[in-house]
1. Angle between the Cα long axis of helix 12-86 and the longest principal axis of the chain, 0 to 90 degrees, nearest 10?
2. Which label belongs to the value computed from this structure, given these candidates for log10 I(q)/I(0) by the Debye sum over Cα atoms at q = 0.11, 0.13, 0.19 Å⁻¹: (1) -0.48, -0.62, -0.97; (2) -0.30, -0.42, -0.91; (3) -0.71, -0.79, -0.97?
3. Using a 1.4 Å probe on the protein heavy atoms, what percent of the accessible area of the stretch 16-87 belongs to carbon and sulfur?
4. Let me have the 222 nm mean residue ellipticity of the chain computed from DSSP H runs of 4+ only, each contributing -39500 (n - 2.57), with the sum over all residues rounded to the nearest 500.
5. Under 12 Å from the Cβ of His77, count the other residues' Cβ atoms, weight Lys and Arg +1, Asp and Glu -1, and hand me the total.
6. Enter the accessible area per residue of the stretch 38-80 (Å², integer; probe 1.4 Å; all protein chains in place).
Amino acid sequence: MYTITAAEAPSGEDLWAVFSALRLLDEAARLVASAQTETAILAEDAHWETKGIRRLRRALTELCASLGGECSELHHHQEMVRRVAMS
């Protein structure tokens, strides 16, 4: 049927080891959760920066092309002024 054995109470040293292990596991879990949060933030920042850099590059390319057009137009007007001045 049932057996009844006398259970020994854990010693103070055993309890200290258990609580110490629980404390270390809790600290490790907290640090891993913190690292996970920081990793998620870095991943989001990197994604935003990548999109931002692409937008900046596209805007600079468009600006460069626009400035090239403006420069050509200025050269054209300079040539027209020279022609009028020479006539």
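The values are calculated or read from the model by the stated rules, or taken from the named source; none is laboratory data. Quick caveat, the model's predicted, so the values are computed rather than measured. Note that we place each Cβ from the backbone using ideal geometry, even for glycine, and neighbour counts take in every protein chain shown. Accessible surface is based on the protein model in full, side chains and every heavy atom, while ligands, DNA and RNA are left aside. Shrake-Rupley method; radii C 1.70, N 1.55, O 1.52, S 1.80 Å.
1. Roughly 0 degrees, rounded to the nearest 10.
2. The calculated read-out lines up with (3).
3. Values: 4400 of 6720 Å².
It is 65 percent, rounded to a whole number.
4. Counting only the DSSP helices, I get -33000 deg cm²/dmol.
5. Numbers: positive: Arg82, Arg83; negative: Glu70, Glu73, Glu79.
In short, -1.
6. 91
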